[in-house]
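Participant: One structure coming up, written as structure tokens, with questions to follow.
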Amino acid sequence: MSLFLRECKKVILSIPYLIFVVVFIGFLLSQGLSRLNPIEKPVPGGSYGTKSAEVPEIIMPAAVDALYQDYQANEFTAYPIGFYKNVRLNAQKQERMAKILSELTGVPAEELQNFSVRQDNRGFVQKDGEIVVQIEGNGVIQNGDGSFTVGSEEQSENTPLSVAPASGLSYDRFKELMNGADSLLGGGSDYGDTYRTDRFGRVPMTYEEALENYNDILTLDKVSGSYARYFCDYGGIMLGILPIFVSVAICLKDRRSGVRDLIYARQATSMKIVFTRYFAMVICCFLPILLFSGYLNGEISSINPNLSIDSMTVFRYAVGWLLPTLMTTLAVGMFFTELTDTPIAILVQGAWFFYNMFGAIGRMGGGGYSMDLIPRHNTIGNTRGYLDHFGSLVFNRVFYAVLALLLILGTAFLYEQKRRGKYHGIDSHTKIFRSGRQQSAA
């Protein structure tokens, strides 16, 4: 117990830990978790927001027109490996995209290319047979019958014309072509399977659907569950990156202070030392999560005084949803620091963090939790989406908890090898290798 208390004291008094607590709490408060809205029963005739639905009649025209407009501007947005990228196609790929659009719209590729608006240096704009004359910020459009239409400057800008899906285009073929366009862009665009439905399949929620969602929050979530998932969404973001600094700092502290040899000489086993340090970090880093869970419970009760609330729900979510992320981040820090005797774990976890954050954009609304280290559920509600994918979420959380323990077992093994003098870290081996080469050269 004395070893555990010493490790806890070491964590709590460290500057990285204090920064972790301040940033973690500050981030949650800045994201509106101190200004939550109450759960209100929907009334007939109101606006209930939107939802994503795979309705071909809605998705196809919206996606085809958006793809054409991006093609005309030759500017596409994509997240090929999770990171934002503005894509511009070269001439060869533009031709291939034109062929895809041609099959999508039924318009020959050459005509699609000629539909673009062109403006010469004299202030004239040719628009598919029409002429727009720029006059002091206004546009005069000469129609085919000789008449003129006067519009604003915005109306006469080089805006791509709208297109529609070809008659007889099946939804299956549409998806194949859209996936082809997505592949041409390098993947991760709005036109691939990952984002297409959520981006182009937005439909208004009906009163009946809004009422069902409200009843689910009351009966299945016990009110607190809907807020708890929202809390876990933002809390998970911070736990996917901040604890790595605590872990690395604590593990490197012994090396900097020169007490490693003293620690190696202790009678305690390597397993006991490593696991004691690990669980001390886990418990200390989990304390602010529990404290904020208690605060959130009070906030939920105060804004929903007439609803029956389960006061333990937020705590259960904190343990089941957030703890595995915290455990994994800390374990990555301990393992790679012990492996290399360097802070490289920060780079490893940072890369994983950003890949997860951008890769999960299409799953922010909840459900489809996949194998993300940071499961997203950035909405209050969507209880059905959560329950439909509950099994995959449980598997995800158990997987990362087990992975964390395996990493700590690996850390204990490395620690034991160092105590026996059989391993000195990758950084030490690299220095020895460099020193040997220098001596040989001399």
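The values are calculated or read from the model by the stated rules, or taken from the named source; none is laboratory data. Model, not experiment: these values are computed from the prediction. Cβ sites come from the backbone with ideal geometry, for glycine too, and all protein chains shown count toward neighbours.
Participant: Pull up region 48-89, narrow it to residues that are without any contact (Cβ under 8 Å) to a residue 12 or more places away in the chain and more than 20 Å from the chain's Cα centre (by Cα), then point me to the one that is nearest to Ser102 (Cα to Cα).
Facilitator: Ranking the qualifying residues of region 48-89, first place goes to Asp70.
Participant: Inspect all residues belonging to region 117-138 and state whether any of them is surrounded by 12 or more Cβ atoms within 10 Å (Cβ to Cβ), more than 22 Å from Met364 (Cα to Cα) and at pLDDT 90 or above.
Facilitator: Among the residues of region 117-138, not one is surrounded by 12 or more Cβ atoms within 10 Å (Cβ to Cβ), more than 22 Å from Met364 (Cα to Cα) and at pLDDT 90 or above, which makes the answer no.
Participant: If you don't mind, there's one more thing I want to ask. Does Tyr84 qualify as being surrounded by 15 or more Cβ atoms within 10 Å (Cβ to Cβ) and either more than 30 Å from Thr379 (Cα to Cα) or at pLDDT below 90 (or both)?
Facilitator: The answer is no for Tyr84.
Participant: Okay, moving on. Just name the residue that is modelled with the lowest pLDDT out of those in region 317-342 that are in contact with a Phe, Trp or Tyr (Cβ under 7 Å, 6 or more places away or on another chain) and under 15 Å from Asp254 (Cβ atoms).
Facilitator: Result: Glu338.
Participant: Additional query: Consider Leu347 carefully, then state whether it is out of contact with any helix residue (DSSP H, G or I) (no Cβ under 8 Å at 6 or more places or on another chain), under 30 Å from Lys272 (Cα atoms) and part of a helix (DSSP H, G or I).
Facilitator: When the stated conditions are applied, Leu347 passes them.
Participant: Considering (1) aliphatic (A, V, I, L, M); (2) within 21 Å of Asp372 (Cβ to Cβ); (3) out of contact with any Leu (no Cβ under 6 Å at 6 or more places or on another chain), say which one Met334 fails and leave the rest.
Facilitator: (2)
Participant: Only one of Gly381, Gly362 is at positive phi and in the same structural domain as Leu322 (by TED's automatic domain parsing). Can you tell me which?
Facilitator: Just one listed residue meets the conditions, Gly381.
To keep it simple, each residue is scored yes or no on (1) within 14 Å of Cys285 (Cβ to Cβ); (2) over 25 Å from the mean Cα position of the chain (by Cα); (3) among the hydrophobic types (A, V, I, L, M, F, W, C); (4) not assigned by TED's automatic domain parsing to the domain that holds Thr269.
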site: Arg6; (1), (2), (3), (4): no, yes, no, no
site: Ile12; (1), (2), (3), (4): yes, yes, yes, no
site: Ile15; (1), (2), (3), (4): no, yes, yes, no
site: Leu18; (1), (2), (3), (4): yes, yes, yes, no
site: Val23; (1), (2), (3), (4): yes, no, yes, no
site: Leu28; (1), (2), (3), (4): no, no, yes, no
site: Ser34; (1), (2), (3), (4): no, no, no, no
site: Pro38; (1), (2), (3), (4): no, yes, no, no
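Participant: Of all residues in region 199-231, which are in contact with a helix residue (DSSP H, G or I) (Cβ under 6 Å, 6 or more places away or on another chain) and among the hydroxyl-bearing types (Ser, Thr, Tyr)?
Facilitator: Scanning region 199-231 gives Ser224, Ser226, Tyr227.
Participant: Additional query: Quick one: would you say Gly320 is in the same structural domain as Asp233 (by TED's automatic domain parsing) and within 16 Å of the chain's Cα centre (by Cα)?
Facilitator: no
Each row is one residue, and each column tells you yes or no for (1) of a type in the set (Asp, Glu); (2) outside any strand (DSSP E or B); (3) surrounded by 14 or more Cβ atoms within 10 Å (Cβ to Cβ).
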| site | (1), (2), (3) |
| --- | --- |
| Leu169 | no, yes, yes |
| Lys175 | no, yes, yes |
| Met178 | no, yes, yes |
| Gly187 | no, yes, yes |
| Thr194 | no, yes, yes |
| Glu209 | yes, yes, yes |
| Asn215 | no, yes, no |
| Lys222 | no, yes, yes |
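Participant: Hey, can you tell me all the residues within region 47-72 that are touching a Gly at 6+ places or on another chain (Cβ under 7 Å) and surrounded by 15 or more Cβ atoms within 10 Å (Cβ to Cβ)?
Facilitator: Selection gives Ser52, Ile58, Ile59.
Participant: As an exercise: evaluate Tyr386 against (1) of a type in the set (Phe, Trp, Tyr); (2) surrounded by fewer than 19 Cβ atoms within 10 Å (Cβ to Cβ); (3) closer than 24 Å to Leu33 by Cβ and give the number of the one condition it does not meet.
Facilitator: Here Tyr386 meets the rest and fails (2).
Participant: Oh, and also: Do the conditions hold for Leu406, that is, is it at pLDDT 90 or above, surrounded by fewer than 18 Cβ atoms within 10 Å (Cβ to Cβ) and assigned to a helix (DSSP H, G or I)?
Facilitator: yes
Participant: If you take the residues in region 175-233 that are within 19 Å of Met97 (Cα to Cα) and of a type in the set (D, E, K, R), which one is farthest from the chain's Cα centre (by Cα)?
Facilitator: Only one residue tops the list, namely Glu176.
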